[in-house]
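Visitor: First the structure, which I've put down as structure tokens, then a few questions once you've had a look.
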Amino acid sequence: MILAFDIGGSRIRAARGGVPVGEVATPLTEADALVRTFAQTAVPHGLRNAHDALFLAQAIRDRVTYESGHTNVTTAASRALELGRGVCQDHAHLMVAVCRLYGVPARYVSGYTHPGKKKLVASHAWADVWFADSGWTSIDVSHGEFTSEVFCRVAVGRDAVWVTARPGNVVRRLDPATNALGPAIAVGNNPTMG
């Protein structure tokens, strides 16, 4: 799989045509009956703008308490919802699942935060949500706020599995001005990447 990343902020697509990353459900972001019921209760009128997404983030935080040790990077949004506990990747997966349920493109983001001089840099996950009036909007679901300059995105994809560096994956940067793919960056020991 080759992913093309448009640094300018437009939709990310698989390099060989494909469907926009923000519009495809995965096993981790599937909106099963539990997720659908949660969505209908949390945001019954859907998601119209970034403020609705912040409201959804608060509902997710209220329903899935931030607590490590109960989930891992391969836990589905519905399982975290069932447990009522999870961490940032679970919050982001649930945000993405609800957005996609309502037909709003959303993508999983993995990166780091630097909260201040006295705290260490920490790995983190959040969600990007697409609204026609504002474009991609980054929401830190775990803290219930828009992201800021203390966030450093490293990878964007359909879910946490998509952004995990695995042998055989290749990442290329898509130049937004020319739509040309940059050089391939291979992950792992695969010398035949091109």
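Visitor: What FRET efficiency, computed as 1/(1 + (r/R0)^6) with R0 = 25 Å and r the Cβ-Cβ distance, is obtained for Thr41 and Val121, rounded to the nearest 0.05?
Guide: Values: r = 36 Å, r/R0 = 1.44.
That pair, Thr41 with Val121, gives E of 0.10.
Visitor: Another question, if that's okay. If I model a spin label at Tyr112 and His51 as a point 7 Å from the Cα along the Cα→Cβ vector, what separation in nanometres do I get?
Guide: 3.6 nm
Readers should treat all values here as calculations from the given coordinates under stated rules, not as data from a laboratory. Computed from a predicted structure; not experimentally measured. Quick reminder, even Gly has a Cβ in these numbers, built from the backbone with ideal geometry, and neighbours come from all protein chains shown.
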